[in-house]
Amino acid sequence: MTRILVVYASDYGNTKKMAEVIAAGVETVPGAEPVLRAAETVSAEDLLTSDGIIFGSPVHMGSMDWRIKKLIDSLCGGMWMKNSLVGKVGAVFATGSGHGHAGSGAELTLLSMLNNFAELGMVIVPLPKSTPGYAQSGLQWGAWSQSADENLKPIGLSDAGLVAARHHGANVARVAEALKGKTLFAG
């Protein structure tokens, strides 16, 4: 079984909903099992026993949520020292408001999480522009969905964002399945 850990932080339920849709996408891949966790409940064991890890965050001041950052700082630093996550598959997603119709920093949020995965030596899975839903709710870095309009009125997640998220989960699971058990980097 290929285990994909889907980690999220959520303020209003939007990022959690997107995480659930990503997990449903993982389930569409034969032999893949999603494990859904709120950031504050993730253990070192969760990270170490996963073949793929997907982090999701709402946009906070153009960056990731503090709970995701705390997880990275508290658990991943030691794993970096030991090369514990090298070769595992990693991907990201985000939700954000509508200023600029770009999620008010969604791209920076996605990149800040991906930067940590790159530091850890993980194999990063992007979101191809051919992904259904991408044109309305995608960035090459990962799935995202606008969750509030330009006046910050909650609008929920777009259908396109949820479609892209589901496909993103499946893509990550397929890559993790293909790489499982392979030695990618020599030390």
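Things worth noting here:
- Largest mean-square fluctuation among Gly13, Gly90, Gly156, in a Gaussian network model of the chain whose springs join Cα atoms under 10 Å apart, belongs to Gly13.
- Computed from point charges on the beta carbon alone (+1 for Lys and Arg, -1 for Asp and Glu), the dipole magnitude for the stretch 2-179 about its Cα centre is near 120 Debye.
- Ordering Leu36, Leu162 by the number of other Cβ atoms within 10 Å of each residue's own Cβ, fewest first, gives Leu36, Leu162.
- Max mean-square fluctuation residue, GNM over the chain, Cα-Cα springs under 10 Å, options Ala173, Ala164, Ala118: Ala118
- Calculated translational diffusion coefficient of the stretch 66-169 (10 °C, 1.306 mPa s; Stokes-Einstein with Kirkwood radius over alpha-carbon pairs) equals 111 µm²/s.
- Relative contact order (%) - the chain, alpha-carbon pairs under 8 angstrom, separation at least six: 25 percent
- Computed extension length for Glu150-Leu48: 32.7 nm, one decimal, from 0.36 nm per residue of separation with the Cα-Cα distance subtracted.
- Within the listed set Thr109, Thr15, Thr28, the Gaussian network model of the chain (springs between alpha-carbon atoms below 10 Å) gives the highest mean-square fluctuation for Thr28.
- Going by neighbour counts of Cβ atoms within 10 Å, the residues Phe93, Phe185, Phe55, Phe117 line up, fewest first, as Phe185, Phe117, Phe55, Phe93.
- Sorting Met113, Met61, Met122 from the fewest to the most surrounding beta carbons within 10 angstrom yields Met61, Met122, Met113.
- Expected-Rg normalisation [2.2 N^0.38 Å, Cα atoms] applied to the stretch 2-179: 0.93
- Cα centroids of the stretch 146-179 and the stretch 23-74: 14 Å apart.
Every number in this text was worked out from the coordinates using simple rules, so none of it is lab data. Here the structure is a predicted model, which is why all the values come from computation and not from measurement. Ideal geometry is used to build each Cβ from the backbone, glycine not excepted, and the neighbour counts take in all protein chains shown.
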